[in-house]
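Following: one structure in structure tokens, then a few remarks.
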Amino acid sequence: MKIAIAGKGGVGKTTISGTLCRIFGAKGDQVLAIDGDPNPNLSIVLGIDKSDAGPPNLSTDIIERVETEDGKWKFQVKIPFQEVLETYGQKVTDNVTLLMVGKPEQAGTGCLCGPNTVVRELVNAAMTSEEGQVMVLDTEASLEHMTRGTSKHVDKIYTVVEPYYRSLEAASRFAEMAEQLGIGQVEAIANKVRTKEDEMAIREYCAKINLPIAVFVPFDEQVTAADLKGKSVMDFDPEAKVVKALEKLRDSILAG
């Protein structure tokens, strides 16, 4: 199963992505976590010490442009996928491996077309080379990864929403673009839900745009407390409400 976590900035995509990866791994699943954000933070949520330099960032050197039989051009990963993991992967736990796209070295260096292409083709390679592995892609906080087709090869997209209008509107745009990319499974993750009114607002909006809701994740102060200490919420409090909610999501993903 290859899934992408998308949504507006600040809605909790990285917390959900990293915690979900740790939950899959703790249950014995082999997990590939891809940090597709040029401002990467997934490693901290996964529980990697922030002083750890880690492996080299993924580079455009791993892809090549080739001509197809019909005379068109396409990009593809030019080295075996296992070599990608061995060169650029960072072990988080026995069952979780992290790949980081990285970030621009400095301002004024142009668009992020290269990194988006790397992630898109990496997901494609994972789809064909790592069929038995769960893959979770933590996307950047914009629509660019959708317009450039970064997420087009995943099986499913979860768009994270909070109970306020701008977040819900963004979820609608992500869902619409996912459909345009041909991704058949698109669902919402309702995050930071405090009250019944919050839940009802999300239910009503998602019903209006025909967006199924996969899970309701309650607002959890343990997430903030863990973040202040630079720790994974899984390590800070394994019984936290957000962990319990995402355990249910993991079960439903595998059951579906």
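Taking every residue in the range 185-197 that is surrounded by fewer than 19 Cβ atoms within 10 Å (Cβ to Cβ) and pairing it with any residue that is outside any strand (DSSP E or B) and at pLDDT below 95, at least 6 positions away or on another chain, the pairs with Cβ-Cβ distances below 8 Å are Q185/D155; R194/P163; E197/P163. Within the range 215-256, the residues that satisfy the criterion of being among the polar types (S, T, N, Q) and in contact with a helix residue (DSSP H, G or I) (Cβ under 9 Å, 6 or more places away or on another chain) are Q222, S232.
Residues checked against (1) part of a loop (DSSP other than H, G, I, E, B); (2) on the phi < 0 side of the Ramachandran plot:
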{"site": "F174", "(1), (2)": "no, yes"}
{"site": "E179", "(1), (2)": "no, yes"}
{"site": "K192", "(1), (2)": "no, no"}
{"site": "L211", "(1), (2)": "yes, yes"}
{"site": "V217", "(1), (2)": "no, yes"}
{"site": "T224", "(1), (2)": "no, yes"}
{"site": "G230", "(1), (2)": "yes, no"}
{"site": "E239", "(1), (2)": "yes, yes"}
{"site": "K244", "(1), (2)": "no, yes"}
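Pairing each residue of the range 82-94 that is farther than 13 Å from A125 by Cβ with any residue that is exposed (fewer than 12 other Cβ atoms within 10 Å of the Cβ), provided the two are 6+ apart or on different chains, yields C-beta distances under 9 Å for T87/P56; Q90/D52.
Being modelled with pLDDT under 80 and of a type in the set (D, E) is the requirement here; does D29 meet it? I'd like the intermediate steps shown before the answer.
Values: modelled with pLDDT under 80: no; of a type in the set (D, E): yes.
Answer is no for this residue.
Looking only at residues in the range 194-209 that are at pLDDT 95 or above and not in a helix (DSSP H, G or I), the one that is farthest from K241 (Cα to Cα) is T195. Number of residues in the range 209-221 that are farther than 16 Å from K13 by Cα and either surrounded by 16 or more Cβ atoms within 10 Å (Cβ to Cβ) or under 20 Å from the mean Cα position of the chain (by Cα) (or both): the value is 2.
The values are calculated or read from the model by the stated rules, or taken from the named source; none is laboratory data. Just so it is clear, the structure is predicted and the values come from calculations on it, not from any experiment. Counting neighbours? That spans all protein chains shown, and the Cβs are built from the backbone with ideal geometry, glycine included.
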